[in-house]
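Visitor: Before I ask anything, here is the structure I am working with.
Readers should treat all values here as calculations from the given coordinates under stated rules, not as data from a laboratory. This structure is a prediction, so every number in the text was calculated from the model and none was measured. Because the Cβ atoms are built from the backbone with ideal geometry, glycine has one as well, and the counts that use them run over all protein chains shown.
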Amino acid sequence: MGFDENIAKLVTENKTRDEQLEEAKEVWIHEVGILYKEIENWFSEYIERGDISLEHYSLGSAEYAEFLQHIKIMELTLGRGPVVVLEPIGINVANGFGKIEMHMQGHVDERMFLMLISCGDKDFCWELWKNNEQKMGVFSKEMFKQVMNKWIEKWA
Amino acid sequence: MDRKMGMKEGSSAKEALDDILHAYNAMKEICNAAKNRIHANQHNDFAKKIIPSKFLSKGKADTYFDSLEKKVEEHFIMDIVATFERVVFDRIGTACGEIENIVKDECNQREKNGAAFPLYESAPNFIKDKEDINNLSGIKNLLKIPRKKKLEEIINHRNWISHGKRAGVGKSSNSRIQDMHKELTDILNQIRI
């Protein structure tokens, strides 16, 4: 292959990598947003009654500037007491397209991991992992309630 | 961690990793004790010394401790990987020498038996030496899959932390320091160090 062809090939390859990265960033921002909305819906009754409140805080740091702009930390205050924190880590992760760390405030040592994984060609879903070995399954309202209830009984 | 603490004279490589995990657990306990003391009274001098005022004034002592505990773990992850690297390199030179001697003996034996193979005199030159295995990737290439993959994940996580959790450098893993301690110890067992 000649020099010109090689340069053209490199340009195409690098453009593709850039495009892939842009796509991954968009997916991450989009999927975190969807998850947050879903959580809000799951607990809408509690939120309306004031039994659970939701707050969002800026990330301390992020892999890309867009994440600082569009992605927040979510905190759920349960019964005006303990706080559950969801902190998006980013897309530079092993075994997934992105990761959120989840813990009860003051107990980060027992944090869990929400991994964004592929569920088909274009779809994504969240899996809850206790650690690197123990997968708890696809993240759902029931699973989230169980985890939070366990934390409440243990620490609150 | 200080080299003396990490690996005392005569202690084994595995003990060096154990010492780091022990130190991490000790730091975690110290954090917990401080947290409990501050929970009992958020307005005393001790609390003011430990928690920056921007956290204390908002009643966010727990948030501060969470970030502190994560930082402590990250420091010890850096330490345990660095110690693993050191204890392996400390022994690679000797291992390479021994392997070279085994190959030389075998070649001499074959020559005596009239079964020398092509380039048999150069066979020891095919052996990697300390200069060839000069980083963690070199160690990784000595391992079998899936250990190789697990070490790669640990190295990536270490790189992710050490490069400021930036885009494109290393990858965050869900492994905790306890998992890494176990994995690195298993690798030391596998490679007989």
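Visitor: Beyond 20 Å between alpha-carbons counts as too far, so tell me which of A:Lys15/B:Lys150; A:Lys99/B:Lys165; A:Lys37/A:Lys135; B:Lys35/B:Lys60; B:Lys104/B:Lys144; B:Lys70/B:Lys171 fall in that bin. Walk me through the numbers on the way to the answer.
Guide: Details: A:Lys15/B:Lys150 31 Å; A:Lys99/B:Lys165 13 Å; A:Lys37/A:Lys135 23 Å; B:Lys35/B:Lys60 12 Å; B:Lys104/B:Lys144 25 Å; B:Lys70/B:Lys171 16 Å.
Violating the 20 Å Cα-Cα cut-off are A:Lys15/B:Lys150; A:Lys37/A:Lys135; B:Lys104/B:Lys144.
Visitor: Additional query: Run the numbers on region B:89-193 and let me know its relative contact order in percent, using alpha-carbon pairs under 8 Å that are six or more apart.
Guide: 19
Visitor: Hey, got a sec? Which chymotrypsin sites (Phe, Trp or Tyr not before Pro) in region B:83-186 land in a DSSP loop and have at most 10 other Cβ atoms within 10 Å?
Guide: Taking region B:83-186 and a limit of 10 other Cβ atoms within 10 Å, no loop chymotrypsin sites (Phe, Trp or Tyr not before Pro) are found.
Visitor: Moving to a separate point now. If I stretch the segment between A:Thr12 and A:Asp109 completely, what's the gain in nm (0.36 nm per residue apart, minus their alpha carbon distance), one decimal?
Guide: Roughly 30.5 nm would be gained on extension.
Visitor: Based on the Kirkwood radius over alpha-carbon pairs, what value in µm²/s does the Stokes-Einstein equation return for the translational diffusion coefficient of the protein assembly as shown at 37 °C and 0.692 mPa s?
Guide: Estimated via Stokes-Einstein, D reaches 138 µm²/s.
Visitor: What do you get for trypsin sites (Lys or Arg not before Pro) in region B:142-193 restricted to DSSP loop and a cutoff of at most 10 other Cβ within 10 Å of the site's Cβ?
Guide: Sparse-neighbourhood loop trypsin sites (Lys or Arg not before Pro): B:Lys144, B:Arg192.
Visitor: How big is chain B by Rg and Dmax over its Cα atoms, in Å?
Guide: Expressed in Å, the Cα Rg and Dmax of chain B come to 23.2, 86.
Visitor: Do any trypsin sites (Lys or Arg not before Pro) in region A:64-132 lie in a loop, going by DSSP, with at most 15 other beta-carbon atoms within 10 Å of their beta carbon, and if so which? Show your work: numbers first, answer last.
Guide: On the way: sites: A:Lys72, A:Arg80, A:Lys99, A:Arg111, A:Lys122, A:Lys130; in loops: A:Arg80, A:Arg111, A:Lys122, A:Lys130.
Sparse-neighbourhood loop trypsin sites (Lys or Arg not before Pro): A:Arg80, A:Lys122, A:Lys130.
Visitor: May I pose another question? Can you run the Rg to Rh ratio on chain A? Use alpha carbon positions and the Kirkwood inverse-distance Rh.
Guide: 1.09
Visitor: What is the calculated FRET efficiency for A:Gln146 to B:Arg91, with r their C-beta to C-beta distance and R₀ = 56 Å, to the nearest 0.05?
Guide: It comes out at approximately 0.75.
Visitor: A further question on this structure: Arrange B:Tyr64, A:Tyr46, A:Tyr57 by Cβ neighbour counts within 10 Å, fewest through most, would you?
Guide: By the 10 Å Cβ count, ascending, the order reads A:Tyr57, A:Tyr46, B:Tyr64.
Visitor: Sticking with this structure for a sec: Per residue of the protein assembly as shown, what 222 nm ellipticity follows from adding -39500 (n - 2.57) for every DSSP H run with n ≥ 4, rounded to the nearest 500?
Guide: -18500 deg cm²/dmol
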